[in-house]
Structure formats: C-alpha cells, structure tokens
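Shown next, in structure tokens, is the structure this report addresses.
The values are calculated or read from the model by the stated rules, or taken from the named source; none is laboratory data. The shown structure was predicted, so the numbers you read here are calculated from the model rather than taken from an experiment. Ideal geometry is used to build each Cβ from the backbone, glycine not excepted, and the neighbour counts take in all protein chains shown. The protein model used for the area step is the full one, side chains on, heavy atoms only, and it has no ligands, DNA or RNA in it. Shrake-Rupley method; radii C 1.70, N 1.55, O 1.52, S 1.80 Å.
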Amino acid sequence: MSQTDKEMVRGAIILTYAGLLSKVLSAFYRIPLQNITGDVGFYIYQQIYRLSMMTMMMLYGLPQSIAALVIEKPKMRQYKRQMRIFLYSVCFSLFIVLFMMAPMMSEWMGDASLVSSLRVAFLLLFVLPELSLQRGLDQANGFSKRTAISQVLEQLFRVSIIITGAILVVRLNLSLYDIGVVASLGAITGGLVALIYFYVQKKHEVVLPVTESEGDHVYRELMKPLFIYSVIIAMNHMILLLLQWVDAFTLVELLQQQGVDLLEAKQLKGILDRAQPLSQLGIVASSSITLALVPGLSRATKAKNTKRFIHLAELAYRYGLYLSGAATVGLIILMPKVNLVLFKDTAGTLSLQLFVVAIVFTSLAIIISSILQAIGKGRQVITALVGGMVVKYLANQWLVPIFFLPGAAVSTVLSSLTIFIVNYYLLKQHLKAPLRLPLMAFMGSLMVLMVSVLGLDYVLSPYLFMSSRFAQFIYLLGLIAVGVFAYGLSLIKTGAMTTEERAELFSKKK
C-alpha cells in the first residue's frame, strides 16, 4: 500500500471514530433532556431537531462532496471563492423561502406555536457554507484530524448549550416552546465554535496564491457534485430521521382527528420520541464499526478484485446484522426497565418495543447503501429512501387511527424494512449472488442472549432492582454486560464469528 493510500485509510478511520463519538453524544443527551423538560418539551425539541437537517449536511454531505470534487478535479482548488459565493447564494435563498414558509410548516405539524423556533433553526443555514467548505477542503488535503476535532467540538458545545438552556427554561418557568429556540441556538453556536477552531488552526499556515477564474461555467460545474451528491450522502446517514420527519408532520394531527386533545397528542408524540435516542445508539453501534470497511471496498472496486469486494461486503453485512440484532433483542426484553430508568415511567413501552425493531433494518440499509456508494451506485439509494418515506406516510394514515402510538411505531418498522429490501435488491443485482449468512448460528446466539438476560433478571430483579434510579441503572448495565458476553461467546463457539474475521474487521489495513 502506498503512503498516500495509508494516509487516506488513516483519515477514513479518524473520521469514522469522530463520527461515532458525535453520534453517541447526539443520541445520549436526549435522555437527560427528556428528564428535564418532560414529554411535551421533548416533543417540541424533536419537532425542531428533525427540521435541523442542515447539521447532517455540515457533518457529512457537503464536506464529503467538496472533498470528492477537489480530489477528482484538482483545478477546483482555484475556485474557492466561487464555491463560497455559490454556497452562500443557495443557502441565503433557501433561508428566505423557509423563513416565509415557517407559519405554513407549523400548521402542517398541527402546532402553530412552533413558528419562532423554526425560524431560529433556519439561521443555521448561514453557518453551513463556510464550515462545509473548510471541512471539505481539509479532507481533500488530507487533514482529516482537524475535521474530526471540529465535529466533536461542535457536538460538545451544542449539547452543553441545549442541556443548560433546558434547565434555565424549566427553572425560570419560561414557555416550553423556548426549548426549540435553545436547541437551534445550540446548533448554531456549535457550528460557530467549529469555524473558530478552523480559523485558529489555519492562522499560521502559509497560504499559496491561486489564480481566480471567472465564468458561469464554474457555477454549473459546482451544482451537481455539491448538492446532488451531498444530499445523497447526508440522507444515507439519517434514514431514521427522515422517517420520523413524516411523524413530525402527521402524527399530532392524526391523533387529534381521533379525538385526542392537542396537549395529550403532544405528550404521546414525546413518548414515542423516546425511541429515537435508544434506536440511534443501536444503529451507531451496529453500523459505524462495519463502515470502517468502506475504504477497503473502494480499493477492491478500483482494483477490480471481485472476490475481495464480496468478502468485505459479506463481512460488513454479517457483523452489522449481529450487532443490530443483539441491540434490538436486548432493548425489547429490557424495555420496561430501560423506559423506567431513563425516562422515569413506563409510558409507551409497547410502542417503544415495536419501534426498536427498525434498528435492524435501518442499520443494514445504511451498511448496504455505503457499499453501493463504494461501487459508484450511491444515487440509486434515493429510490429506496423515497419509497420508505411513502410507505411511512401511507402506513401512518392507515395504522395510527386504529392503533395510535403502536401504529406509528409499526409504520416506522415497515418503512425501514422497505428501504432495506430495495437496497438489498440493488446490491444483489451488482453481486449477482446473495450475501451468505450463518442464520442458524445467529438465531441460536440470539436465543442465548434472551435466555441469559431474562433468566438472570427473573432471579435477581426482586433483590437488586432497587428504588434508586442510579442503582437501577447499574443493575441494567450489569444485565447488558452479561448479555453481551453470552452473545459474543455463543457467536464464537458456533463459528458465526471467526478469529480471522475479527482480526480483519478491527485491523487498520482493510
């Protein structure tokens, strides 16, 4: 492997782990946020958060698109000013449109009080162009460490401001709708901190002069890679968020149509939103580690090494299934206690148990779509995402009026299953063969996980599941540790997880 390839692999690994840490932070802080603000405050936050997809564009889509464009066409480095003007022009135009549409969007959500929070959230569009440009150019130049640190700094400041702001809103008896404003300000501040970090780091760099070129052809050349590809990349990272976006616009209104008053509908929506951080943690755990194989997939594609490509694709798929399957089963069997310990009551436990089934299908869909991107078929995943959102909308219209929250949870599972099936079909077309999976060993290991955790909980719960939430949390961690150990040992003993595959998965040389 050449030194350049080694640097690219090292950069990909750094960004993978930085992305993992950012996602964990993004998922974990929602639990104390719900504890502080209650289900209604959590509902308000989630409504605004799902429309703050610009954050995902900053973290993933636009920077990766800019980096890919500059690597593919090195001459684009001299068009930095044009790229900046283009990005700001598009984002400013988008801000004007969204700002004017905020009242209409809040009406679509069934809650007219969200207008101010939405408008503040859209201010993030003014941070997006410069931060995306800095991250993209750094990635193209091989400075992945700086991009990774900026991502972590952004999340740390964002989370700190949101939690601190939520505490102040509650203690000062302010309107819970101020939570939405606080969430938006947190995202904006996080982005600004990341930008400041870039400028401080670049202060002592020697900047080489470049020849600036003019011409409309430059902007036409920028349009496709910077926006079409960035949207594809970003959407791949936020499948669950897109599906919940449908809930943001439909669930409260559908509940009201069945005679539920607005306040109760908000509370029910907030209860269902508890599944989001739990599911996100499961998806992060199952997809991030296997996505580290993507650089190897890309090199196998370039080298036309089909055997190597299929081997790595199978490895990513199988380990993704092992991890997501364990996360799903573990959450289902422990959900009554998880719900109580993390969210202070057991409201909506059945709905949450149904919802987390989407972890398996969402994780595998992300892994497969990343494999498709590695072989240059990334645009095809849009078909799956659009199909999944259509299924989510139609299933909500059908199931929510009959089953209420469980109906919304099942519709999420059906839509994530749709995305997975379409992605799997697209990959199968390329591979011309199904991905192999030791199904019996996998199912047997899941049974070992269930029996060990349920059996231990049945024996110890009357004595060790104390009234203190901290003691309950420690007890849950103990059950999870036992389940992980029993499950991992079973996978090894049955041959589903070989020593060679484990060594390859965790090796830096993919």
What is the list of residues in region 326-366 whose amide nitrogen lies under 17 Å from a point 7 angstrom out from the Cα of Leu454, following Cα to Cβ? 326-338, 350, 353-354, 357
Taking only protein heavy atoms and a 1.4 Å probe, what accessible area per residue, in Å², does region 233-388 have with all protein chains in place? 30
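For Thr164 and Val386 in one chain, what is 0.36 nm times their gap in residues minus the Cα-Cα distance, to one decimal in nm? If you can, show how the numbers build up before the last one.
On the way: separation 222, 0.36 × 222 = 79.92 nm, distance 3.68 nm.
Gain in length upon complete extension: 76.2 nm.
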Enter the accessible area of Met76 (Å², nearest 10), with the probe set to 1.4 Å and all protein chains included. 0
